[in-house]
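See below for the structure under consideration.
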Amino acid sequence: MFDYTAPETLLKDKVILITGAGDGIGKAAALSYAQHGATIILLGRTTQKLESAYDQIDQLGYPQAAIIPLNLESATEHDFLEIANTIEAEFGRLDGLLHNASLLGQRTPIANYDPNLFEQVMRVNVHSQFLLTQALLPLINKAEQGRIIFTSSGVGRTAKPNWGAYAVSKFATEAMMQLFASETPESSQTRINAINPGATRTAMRANAYPDEDPLTLATAEDIMPLYLFLMGQDSQGTNGQSIDAQQ
Ligand code: NAP
């Protein structure tokens, strides 16, 4: 695992938005960031899952969270700008953004890939990240030490057969991270990086590898050290990097 032990108050008073926060790695990050003092804005498409994460944060006595139900496939530029306005009005700030939501799509040769599904995956995994980052960047740049984390994958660095639109979307995610990071002005305190979670015990992984024993895999909680490092003050010297959570 990435070697980092976060101070208990690492994210005290920070406001952090997480996409796909109702399940898997996004939910684990929401709980971990809240445990370290952050107020979490839980964004996702299944309200019931977001409510369950909200309740868990509440029961553990962490700062009260907020919920934004949103389907990233159909969300428009207008929706994202409205989210930015609402966050500014309600919280007056945004310190961090974790782009975590993704669709796996089909595991099939690209020559046979369903064109509609290809578009769907690219909308959720790429286009929505672009629009959300554009909309929230002005607010994040106002934070003392703003942070944006993108979520990559092994197949976002080397495409492997049958990973289709998902692999294409993760290459695009790496490029988007590099662009936003390298275009950050020298004077800015914002840091933009990507995480490759590695094989992690979630519903997506089980869909991609139905024959695998999930108990052999790291849990979403296990990989949190890198998520904490890149969201907190100790990563001030890190920008434009794509880092493995399991190393
Ligand atoms: P997961 O359990 O399937 O969670 C994905 C999340 O994305 C869910 O909360 C899901 O919401 C949300 N989502 C999907 N489509 C959405 C949409 N249209 N609008 C809003 N939210 C949407 O997957 P995970 O394994 O935790 O993956 C988290 C991230 O890590 C992804 O970016 C994935 O590519 C990456 N990753 C995972 C692994 C791994 O081994 N698990 C490895 C490499 C990279 P619903 O639950 O409501 O559908």
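The values are calculated or read from the model by the stated rules, or taken from the named source; none is laboratory data. These numbers come from a predicted model, not from an experiment. All Cβ positions, glycine included, derive from the backbone under ideal geometry; neighbour counts span all protein chains shown. Side chains included, ligands, DNA and RNA excluded: accessible areas come from the protein's heavy atoms. Shrake-Rupley method; radii C 1.70, N 1.55, O 1.52, S 1.80 Å.
Can you give the FRET efficiency for residue 89 and residue 9, using 1/(1 + (r/R0)^6), R0 = 30 Å, r = Cβ-Cβ distance, to the nearest 0.05? Intermediate values should be presented prior to the final figure.
Working: r = 27 Å, r/R0 = 0.89.
Here the calculated transfer efficiency is 0.65.
Between residue 52 and residue 104, the distance separating the two model label sites (each 7 Å from Cα on the Cα→Cβ line) works out to 1.7 nm. Remark: the stretch 89-247 carries a charge dipole of roughly 240 debye about the Cα centre, counting +1 on each Lys and Arg Cβ and -1 on each Asp and Glu Cβ. Under the simplified labelling scheme, the residue 157-residue 134 pair shows an inter-label distance of 3.0 nm, with each label point 7 Å from Cα along Cα→Cβ. In this structure the amide hydrogen of residue 67, modeled in the peptide plane, comes within under 5 Å of the amide hydrogens of 42, none closer than 5 places in sequence on its chain. The accessible surface of the chain, taken with every protein chain in place and a 1.4 Å probe, is 48 percent carbon and sulfur. With respect to the chain, whose longest principal axis is taken over its alpha-carbon atoms, helix 24-35 is tilted by about 10°. Each Cα pair under 8 Å and six or more residues apart adds its separation to the average, and for the chain the resulting relative contact order is 22 percent.
Across the stretch 140-148, coupling constants 3J(HN,Hα) worked out from phi with the 6.51/-1.76/1.60 Karplus curve, θ = phi - 60°, read 5, 5, 7, 5, 4, 9, x, 9, 10 Hz, and Gly and Pro carry x. Computed over the chain with a Gaussian network model linking Cα atoms closer than 10 Å, the most mobile of 181, 84, 208 is 208.
When both the stretch 120-159 and the stretch 1-18 are represented by their alpha-carbon centers, they are found 19 Å apart. Within the listed set 37, 146, 232, the Gaussian network model of the chain (springs between alpha-carbon atoms below 10 Å) gives the highest mean-square fluctuation for 37.
A cut-off of 5 Å between modelled amide H atoms, ignoring neighbours fewer than 5 places along the same chain, links residue 195 with 150, 151, 152, 243.
Computed 3J(HN,Hα) for the stretch 54-71, one whole-Hz value per residue from the Karplus formula 6.51 cos²θ - 1.76 cosθ + 1.60 where θ = phi - 60°, is 4, 5, 4, 4, 5, 5, 7, x, 7, x, 4, 8, 9, 10, 10, x, 7, 8, glycine and proline marked x. Comparing 118, 91, 80 in a Gaussian network model of the chain (Cα springs below 10 Å), the most mobile by mean-square fluctuation is 91. Computed from the C-beta positions of residue 59 and residue 222 and an R0 of 30 Å, the FRET efficiency is 0.85 to the nearest 0.05. Residues in the stretch 222-238 carry Karplus couplings, in order, of 4, 8, 5, x, 5, 4, 6, 4, 6, 8, x, 5, 6, 9, 4, x, 10 Hz; the curve used is 6.51 cos²θ - 1.76 cosθ + 1.60 with θ = phi - 60°, and Gly or Pro positions show x. Using DSSP to call loops (not H, G, I, E or B), can you name the GluC sites (Glu not before Pro) in the stretch 1-110 whose Cβ has at most 11 other Cβ atoms within 10 angstrom? Here the GluC sites (Glu not before Pro) that fit, given the DSSP loop and packing criteria, are 8.
The residues of the chain expose on average 46 square angstrom of accessible surface per residue, using a 1.4 Å probe on protein heavy atoms.
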